[in-house]
Amino acid sequence: MQSSEAQRPLYDIPFNKPWISGDEYRYMARAVEQGHISGDGPFTKQCSQILENWTGARRVLLTTNCTHALEMSALLLDLKPGDEVILPSFTFVSTVNAFVLRGATPIFADIRPDTLNLDETTLERLVTARTRAVVPVHYAGIGCEMDNIMEIARRRNLAVVEDNAHGLLGRYKDHLLGSFGCLATQSFHETKNFTCGEGGALVINDPDLIEPAEILREKGTNRSRFFRGQVDKYTWVGLGSSYLPSDILSAFLLAQLEAHERIQARRKTIWKTYLSELRGWADSIGARLPIVPPHCQPSYHLFYVLLPDLTRRQTLIGHLKAQRILAVFHYQPLHLSTMGQRFGGRPGDCPVTEDIADRLVRLPFYNGLSEEDQARVIEAVVSFRP
Ligand SMILES: Cc1ncc(COP(=O)(O)O)c(C=O)c1O
């Protein structure tokens, strides 16, 4: 084998590829020149401002990733061992881990078969005297049924933390996702619409949580008050850790947030092209494409196909791999994971989750996916006749 061939990547079309708007490197250089590359510098402030404008939140704090924003949420809600938190089994592990780290008990809810979001019709049955919070995940950036979830949460006195890792700029009935709960969490991981490699944000909609969140994020000090001139020295005032991203990362992120119109327009086109071009094929083999309720506007985060069964899902992934295209699946039901079983999870607890997890495949989806490459993916998918 020639050495150049040995170095050839396994896939011509990866599942995800970092994309830059064009201003990232210039902004990062400026952060260095400005002499502020630690946390909460000028670029972090600009990103927070943009996110506050978008979400209408009282305060948005950038974090090192969405996992940490979720951990901050669990700390801010002061969850204790024995407290219960309801969340979907069909989600990324951080959604649950953040709360279990505080000693809380996860109560796994099943998902709706259409949007794959927490099934709000089963929510109230899971509430007990120990339930403290519910964590809806806006899967694929399509909104959960927030009217029902918020109504149950109000009546049963539960905090709502939206895991909005997928959903920035998505809408539910004209309200932005991330604007419903007392807290919401965002991700700027490499696979997300806007990225700085690893990054996140805590969206704070409850004004009473702003100062506790600032203290928590600043190693338990009132440093933010000090910088605003509200105290003449800062000191240790509570529990805390360090969840601030470097201003170099915020500089990268700012360039992406500023390019949001371009990014969202491109992602919308990619999403709609998959939907229209795969419709006939999907119908002919009994597969199904994403369903968006009329009152929801997606964030165009990801595109999935549900195959009729596990065998055909795996065969499609192999079929695409043979054409040097990488497609992936997720999530394995959390209630059936090693940890989930320790919390009592058993097969059959969340039947929709268990069924969907075997059948879902995600197609390549990134800002820089060219028309030609997408056409190649579509051609490869429709040539799959199981
Ligand atoms: C639903 C959900 N929540 C949380 C996370 C964690 O995000 P991060 O990688 O920024 O910590 C992810 C990651 O993809 C996710 O999909």
Quick check on segment 302-316. Is at least one of its residues within 22 Å of Gly56 (Cβ to Cβ), without any contact (Cβ under 8 Å) to a residue 60 or more places away in the chain and out of contact with any His (no Cβ under 8 Å at 6 or more places or on another chain)? no
Failed criterion for Asp114 (all others in (1) open to solvent by 20 Å² or more (accessible area, probe 1.4 Å); (2) within 26 Å of Asn65 (Cβ to Cβ); (3) assigned to a loop (DSSP other than H, G, I, E, B) hold): (2)
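Check every one of the helices (runs of 4 or more DSSP H) wholly within segment 1-108 and list those with 2 or more residues that are open to solvent by 10 Å² or more (accessible area, probe 1.4 Å) and small (Gly, Ala, Ser). I'd like the intermediate steps shown before the answer.
On the way: elements: 3-6, 24-34, 42-55, 66-76, 93-100.
By residue number, 3-6.
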Cβ-Cβ under 7 Å pairs, at least 6 apart or on other chains, segment 149-174 side within 16 Å of Gln297 (Cα to Cα) and aliphatic (A, V, I, L, M), far side outside any loop (DSSP other than H, G, I, E, B) and within 15 Å of the ligand (Cβ to nearest atom): Ala165/Cys66; Ala165/Thr185; Ala165/Gln186; Ala165/Ser187; Leu168/Gln186
Give the residues of segment 198-237 that are within 16 Å of the ligand (Cβ to nearest atom) and outside any loop (DSSP other than H, G, I, E, B), sorted by residue number. Gly200, Ala201, Leu202, Val203, Arg217
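Does Glu33 satisfy the condition of being modelled with pLDDT of 95 or more, acidic (Asp, Glu) and under 30 Å from Arg102 (Cβ atoms)?
Details: modelled with pLDDT of 95 or more: yes; acidic (Asp, Glu): yes; under 30 Å from Arg102 (Cβ atoms): no.
Criteria not met by Glu33.
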Which condition breaks for Ala98 when tested against (1) in contact with a strand residue (DSSP E or B) (Cβ under 8 Å, 6 or more places away or on another chain); (2) within 12 Å of the ligand (Cβ to nearest atom)? (1)
Could you say which residue among Thr191, Thr128, Thr185, Thr195 is polar (S, T, N, Q), at pLDDT 95 or above, touching a strand residue (DSSP E or B) at 6+ places or on another chain (Cβ under 7 Å) and assigned to a loop (DSSP other than H, G, I, E, B)? Thr128
Taking the stated definitions as given, is Val292 of a type in the set (Val, Ile, Thr), closer than 24 Å to His138 by Cα and not in a helix (DSSP H, G or I)? yes
Could you check segment 351-386 and list, in sequence order, the residues that are touching a strand residue (DSSP E or B) at 6+ places or on another chain (Cβ under 7 Å) and open to solvent by 40 Å² or more (accessible area, probe 1.4 Å)? Arg359, Asp373, Arg376
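Among the candidates Ile291, Ile248, which residue alone is of a type in the set (Val, Ile, Thr) and in contact with a Ser or Thr (Cβ under 8 Å, 6 or more places away or on another chain)?
Numbers: Ile248 fails: in contact with a Ser or Thr (Cβ under 8 Å, 6 or more places away or on another chain).
Only one candidate qualifies: Ile291.
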Of the residues in segment 166-178, how many are part of a loop (DSSP other than H, G, I, E, B) and either over 9 Å from Gly141 (Cβ atoms) or over 14 Å from the mean Cα position of the chain (by Cα) (or both)? 3
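The values are calculated or read from the model by the stated rules, or taken from the named source; none is laboratory data. Model, not experiment: these values are computed from the prediction. Backbone-built Cβ (ideal geometry, glycine too); neighbour counts: all protein chains shown. Surface areas here come from the heavy atoms of the whole protein model, side chains and all, with no ligands, DNA or RNA. Shrake-Rupley method; radii C 1.70, N 1.55, O 1.52, S 1.80 Å.
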